Amino acid sequence: MKKLLGIALLVMSGHVVLAQVDSTKSSYKSGSYYSHQNDSTKNKQGKPTYASLNLKNRPNDHFMLEFSYDNWIGKTDSMNTVGFSRGFAMYFMYDFPFKSDPHFSVGAGIGINASNIFFDKTEVLVAAPGNQTLAFPSTANTDHFKKYKLVLTNLEVPLELRYAFNPANTNKSWKIALGFKAGLLMSAYTKGKDLLNQAGQTENNYIEKKSSTSFFNSGRVVGTARVSYGFIGVFGQLQITPLIKSGAGPSINPYSIGIVLSGL
């Protein structure tokens, strides 16, 4: 993190110095940020270079929030998911524009992701003593919880290649990003709320939590894609590595589709 912060400070310092060079002669031209300096600010094709763009106050998507619909690929019939399973993630990112072409940049950072998968009349035995595999027994013919979910929380390091159509004013620009996230599983637990009997009548109003990560892979790699305009966009991601350990259950690959808010 210290190295990333140091690099970010150097890049930011470079932006400030470049913005001060002949700042009194810069103006807009044809929707782009050009400088009326000599041809030294342009490449051989006459296109604006890194030095000719005013990136001093460019929003770099330093802070990102993701709200998603979550589901699994590879579910078995016993995994009776239901409703709107959802996820939330937040990241702090550094942005490193390419000096050769500031349309392109690399974003890297750190954040946290939480996924909530809801089940109907099904338990997920994450903490069952003696089990060698992760079981999903049906509770349709016995007492069951009115609301029941599995919550997975990961610490993540995202890395993405970004392209901004207007690199000098990304608040009014289309942006595309492709990349991946490397994650570390922090917790896995089930949460059941309001116990019902077989007939659907309330037996007890309480919350039960059971926690264990023993059946899940500790690390994960997720492929990501994002399209935004200004501060709002849509994204999709697919976990490339399996969620459940080999031999402990079926090969499950979680995915998410949702809305992303970015800025600063």
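Readers should treat all values here as calculations from the given coordinates under stated rules, not as data from a laboratory. In this text the structure is predicted, and so the values were computed from the model without any measurement. Here Cβ is always computed from backbone atoms with ideal geometry, including for glycine, and neighbour counts include all displayed protein chains.
I'd like the Karplus ³J(HN,Hα) series for the stretch 209-225: coefficients 6.51, -1.76, 1.60, θ = phi - 60°, whole numbers in Hz, and an x wherever there's a Gly or Pro.
10, 10, 10, 5, 10, 5, 8, 10, 5, 6, x, 8, 10, 10, x, 10, 8
In the stretch 63-194, how many lysine pairs have Cα atoms under 21 Å apart, counting only pairs 8 or more places apart or on different chains?
Lysine pairs meeting both conditions in the stretch 63-194 amount to 16.
Rounded if a/c is under 1.5, else prolate if a/b beats b/c, else oblate: with a ≥ b ≥ c from the C-alpha gyration tensor eigenvalues square-rooted, which is the stretch 201-264?
Taking the square roots of the gyration eigenvalues as a ≥ b ≥ c, the stretch 201-264 is oblate.
Pulled fully out, how much extra length does the chain show between Asn141 and Val157, if you take 0.36 nm times their separation in residues and subtract their Cα-Cα distance?
1.5 nm
Roughly speaking, what is the stretch gain from Lys99 to Leu264, that is 0.36 nm per residue apart minus the C-alpha to C-alpha distance, in nm to one decimal?
57.3 nm
Label points 7 Å out from Cα along the Cβ direction at Lys172 and Ser211: separation in nm?
In this crude label model, Lys172 to Ser211 measures out at 4.9 nm.
Counting just the Cα atoms, what span does the stretch 166-209 cover along each of its three principal axes? Round to the nearest Å and put the largest first.
Cα spread of the stretch 166-209 along its principal axes, largest to smallest: 61, 27, 16 Å.
Scaled to the compact-protein estimate 2.2 N^0.38 Å, what is the alpha-carbon radius of gyration of the stretch 77-166, rounded to two decimal places?
For the stretch 77-166, the normalised Cα radius of gyration comes out at 1.68.
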